[in-house]
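First comes the structure, then the notes that go with it.
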Amino acid sequence: MEINKLREEYVPDLFTLSEFKEIIIKITNESDYNFVIEKELSKIESDSFLKIVKEFKETKKPIAYLINNKYFYNFDFYVNENVLIPRPETELLVDEIMKYDLENKNLFDICCGSGCIGITIKNLNSKVNLLLSDISKEALEVVKINLEKHKQSGQIFCSDFLKIFNQTDIVPDFITINPPYIDNNDSNVGEFVKKYEPHLALYAEDRGLKFYKDLFNQLDYLYSKNKNLVIVCEFGFEQKEELEKIFSSKIVKYNIDFKKDYSSNWRLFIITSKE
Ligand SMILES: C[S@@+](CC[C@H](N)C(=O)[O-])C[C@H]1O[C@@H](n2cnc3c(N)ncnc32)[C@H](O)[C@@H]1O
């Protein structure tokens, strides 16, 4: 089977171009789609391709779960149904953190899921000291696989959100968080997101605001550990106004800087201390 012909047949009717490329990279074991675009698939590769086509048609399971792989910031991450599929807009958290001097600094990736944020930052600057935590033991198994895959080191904690800071004396310099933030009653969540991605990774109590409220309530505690701490956190693009309201009681002591993603949606905030 010629890859170019397959592309004509399946893109965009069944797969997006980027899904098709990821499938081809996975089954050919090549590092770059452009290396194989003119090639023909071997019998084994063709069988693998057709198996994925069949399973996708039957289940509509996200391609990332079918091939156990998702690219994030151009690094490939192992994923399975115990972790959220990394989203491109989350790459902005990496960009924000990379603006700082990370050498010998402690970076906590809280609610780490696959570990994509923390491990990407470590890939970009190996001198950072990486700590990753999640409440899901199954997700942490995926983190171990990804640390090994990227030949990186990092300490792993199973912890309920910010309770990790009672479990270790390591002083945080940077904290990245992509918490669950979807309202339990949100009817806009895609059918197959809802069906296949872990609800623990998607939904949060209090109209999706629970983790932000917890975070804001614990700022004095976190900044008592390090007044230069930088917290970078993702949120849902419709939550900015609510977050500003909740944060208003903290504004005397802390700065909050909201940023948009490349689609011009509000996407993350950065907290620093004014003291
Ligand atoms: C939106 S996902 C983010 C995963 C990953 N950081 C990413 O950006 O792709 C949220 C993660 O928070 C974890 N989580 C949910 N409740 C938690 C809690 N109470 N404490 C710690 N982690 C939690 C989920 O298991 C999930 O891995």
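Counting heavy atoms of the protein chains alone, Leu6 has an accessible area of about 10 Å² for a 1.4 Å probe. The share of accessible area on the chain that comes from carbon and sulfur is 47 percent, using a 1.4 angstrom probe.
Projecting label points 7 angstrom from Cα along Cα→Cβ for Asn184 and His199 puts them 0.9 nm apart.
Taken along the Cα-to-beta-carbon direction at a fixed 7 Å, the label points for Cys158 and Asn123 span 2.7 nm. Neighbours of Ser273, meaning other residues whose beta-carbon lies under 12 angstrom from its beta-carbon, give a summed charge of +3 when Lys and Arg score +1 and Asp and Glu score -1. Bridge orientation summary for the chain: considering DSSP beta bridges with both residues in this region, about 45 percent are antiparallel. Along the chain, the longest continuous region that contains none of the trypsin sites (Lys or Arg not before Pro) in a DSSP loop with at most 16 other C-beta atoms within 10 Å is 152-226. Scan region 50-103 for GluC sites (Glu not before Pro) in coil per DSSP, keeping those whose Cβ has at most 13 other Cβ atoms within 10 Å, and list them by number. Listed in order of number, the matching sites are Glu103. Note on Lys26: aspartates and glutamates with a C-alpha under 15 Å away, same-chain residues under 8 apart excluded, are Glu40, Glu45, Asp47, Asp76.
Distance between the 7 Å Cα→Cβ label points at Asp13 and Asn34: 2.9 nm.
Averaging the sequence gap over all C-alpha pairs within less than 8 Å and six or more residues apart, then dividing by the number of residues, gives region 112-206 a relative contact order of 25 percent. Could you compute the net charge surrounding Thr59? Neighbours are other residues with a C-beta less than 13 Å from the C-beta of Thr59; K and R count +1, D and E count -1. Here the count lands on +2. Secondary-structure-derived ellipticity at 222 nm for the chain, considering helices only, amounts to -11000 deg cm²/dmol, per-run term -39500 (n - 2.57) for DSSP H runs with n ≥ 4.
For the pair Lys137 and Glu238 in one chain, pulling the backbone fully straight at 0.36 nm per residue adds 33.3 nm over the alpha carbon distance. Solvent exposure of the chain amounts to 50 Å² per residue of accessible area, where only protein heavy atoms count and the probe is 1.4 Å. Sparsely packed loop sites in region 173-275 (the chymotrypsin sites (Phe, Trp or Tyr not before Pro) outside DSSP H, G, I, E and B with at most 10 other Cβ atoms within 10 Å) comprise Tyr262.
The values are calculated or read from the model by the stated rules, or taken from the named source; none is laboratory data. This is a predicted model, so every value here is computed, not measured. Counting neighbours? That spans all protein chains shown, and the Cβs are built from the backbone with ideal geometry, glycine included. When the accessible area is computed, the model is the full protein with side chains, heavy atoms only, and any ligands, DNA or RNA have been set aside. Shrake-Rupley method; radii C 1.70, N 1.55, O 1.52, S 1.80 Å.
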